[in-house]
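Notes follow the structure.
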Amino acid sequence: MGSTVRDAAAVVLVREAGRRRETFWVRRGREVSLGGGFYAFPGGSLDPGDRAMAAALGTEALRVAALRELFEETGVLLASTPFDSAAARRERRALLAGERAFAGAVRALGARLDPARLDAAGRWLTPDFAPVRFDARFFLARMPPDQVAEVWPGELVDGEWVTPDEALNRWSRAKALLHPPAKHLLQCLRDAGPPACLARMVTPADAIDFVGQRIDFQRGILFVPLKTPTLPPATHTNCAVVGEEELVVVDPGSPYREEQAKLAKLCHGLRSEGRVFREILLTHEHADHVGGVEALRRELDVPVRAHRLVAERLEGEVPVDGVIEPEERIRLQGALSLSLRAIHTPGHARGHLAFLEENSGTLLAGDLVAGVGTVIIDPPEGDMRDYVASLRKVRALGVGAIFPAHGPVLPDGPGLLDATLAHRVERENRVLRALAACGPSTPGALVPHVYTDVAESAYPMATRSLLAELRKLVQEGRAVADGERFRLAGGGS
């Protein structure tokens, strides 16, 4: 994607009381650009001031970044000299308000940072499909017995001490989404405390060149973003491998051989572990969702299924062996049993299906919603009235996290659906105001008045979406079509 890679650091803070081993994790707000809503360890990007402090201390800048982020996010300061806790709270507040630099806060406390209290716990690089990438160093530190870790609301929603077992149990039940580094580090801590855990922390089995190869933000769903010729700003289509022992693949969409080979390698690796592939499922027929279907079907020798309308559209192009009926439940056996309920969600495409994992409430949304940009509704296949009805239908199901076909996973599914519905209402109101101001007009003539937030290069696609909005208004009796022109109904201009 050509995105800039930022240096970052994070701290696995550990405390032990008898046989109980705990770590402090935090949950980031959903507005955070990467990892919003996920659970993670305190950390963040390298700041310019970190390098100067590191030079003065004779240590690495990323160690200083780790110490700073730990203080900013939890109030814990790893220092070799004592300091006043009330003063530390004041300095932390000033630091977070941008009134004080970290170096100034440390000087004001009369403290000396102690980078030696950080043990190297691994390096992880964000995969190239992410809009923001980090080259993150993780460190492990023991909690100072005379300090208190606490999260102040802001970029972080909350934080707490938790045993690794408790954390991984929440991940298993889809109550806490984890990125691969956090899951790996928790698994290491579950099996052994420091320092015994460190050797395994720095050598994760499922990473190549520091990039995690198995991305299971929640147990039972492997997230596999594949490069596809999709519409900007998206560059990938998210394929999913669902199940633990019995598996299905949803939307192997890439037509590119190297991406198909990557998916096939992952699937063969799962097979070598004794897992069984049952079938390939499709959300809909668009090329960026079905480009790799035939190749994977040959590799795995399994059937392909989709909605009847999708099967009809793909006839002669992509092999579809069977039909998925709306409300059908696809049950996958294993230590963790999963049940995918097929939800008919027309609008973007007439035969569009979303798959609701009923045990966790997780929705494999296809192109019902997007994690990046917005979903295009392009008539006549696209229907805005159906689309809005589908959004409301899914919103009423009480979904949890949403795995969209494009962009990152969204932990707050209801929030995303509400925001998407609000966006459609706002866009519709713009159309009504434009019709009132301009009188009978073609969609193309209305675009500059309605899509004031897009570049002219995007006007052709915006015109198609605007046509969908206008057709919805006609269906509802709020507008009238006169040939290629549209006007307000009921005597409006």
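Values quoted throughout were computed directly from the atomic coordinates according to the rules given, and no laboratory measurement underlies them. Note that the coordinates shown come from a computational prediction; the quantities given were computed from them, not determined experimentally. In this analysis, Cβ positions are derived from the backbone assuming ideal geometry, glycine residues included, and neighbour counts consider all displayed protein chains.
Structure values in brief
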{"item": "Overall form of the range 221-411 per C-alpha gyration tensor (a/c, 1.5; a/b vs b/c)", "result": "rounded"}
{"item": "Residues Val11, Val454, sorted so that the one with the fewest Cβ neighbours within 10 Å comes first", "result": "Val454, Val11"}
{"item": "Antiparallel bridges, percent of DSSP beta bridges restricted to the chain (to nearest 5)", "result": "70 percent"}
{"item": "Amide H within-cut-off set for Arg350, under 5 Å, with H built and near neighbours excluded", "result": "none"}
{"item": "Protection proxy ranking of 288-297, 421-430 - average other beta-carbon atoms within 10 Å, highest first", "result": "288-297, 421-430"}
{"item": "Distant-in-sequence amide H partners of Arg478 (H built 1.01 Å from N, under 5 Å)", "result": "none"}
{"item": "Which of Asp301, Asp251, Asp128 has the fewest Cβ neighbours within 10 Å, and the rest in rising order", "result": "Asp301, Asp128, Asp251"}
{"item": "The range 55-106 and the range 335-403: distance between their alpha carbon centers, rounded to Å", "result": "45 Å"}
{"item": "Relative packing of 133-139, 237-243, 259-265, which averages over residues the other C-beta atoms within 10 Å, highest first", "result": "237-243, 133-139, 259-265"}
{"item": "Cβ-based net charge around Glu16, under 11 Å, with every Lys or Arg adding one and every Asp or Glu removing one", "result": "+4"}
{"item": "Pairwise Lys count, the chain - Cα closer than 19 Å, eight or more residues apart or different chains", "result": "4"}
{"item": "Cut-off 12 Å between beta-carbons: net charge of the residues surrounding Phe41, Lys and Arg +1, Asp and Glu -1", "result": "+2"}
{"item": "Long-range HN-HN contacts of Arg142 with modeled amide H, under 5 Å", "result": "Val14"}
{"item": "Protection proxy ranking, peptides 342-348, 276-282, average beta carbon neighbours within 10 Å, highest first", "result": "342-348, 276-282"}
{"item": "Lys, Arg +1 and Asp, Glu -1 on Cβ, resulting dipole of the range 385-431 about Cα centre, debye, nearest 20", "result": "180 debye"}
{"item": "Residue order, fewest to most surrounding Cβ atoms within 10 angstrom, among Thr203, Thr23", "result": "Thr203, Thr23"}
{"item": "Per-residue [θ]222 nm for the chain (sum of -39500 (n - 2.57) over DSSP H runs n ≥ 4, rounded to 500)", "result": "-10500 deg cm²/dmol"}
{"item": "Net charge, Asn238 excluded, C-beta distance under 11 Å - Lys, Arg +1, Asp, Glu -1", "result": "-3"}
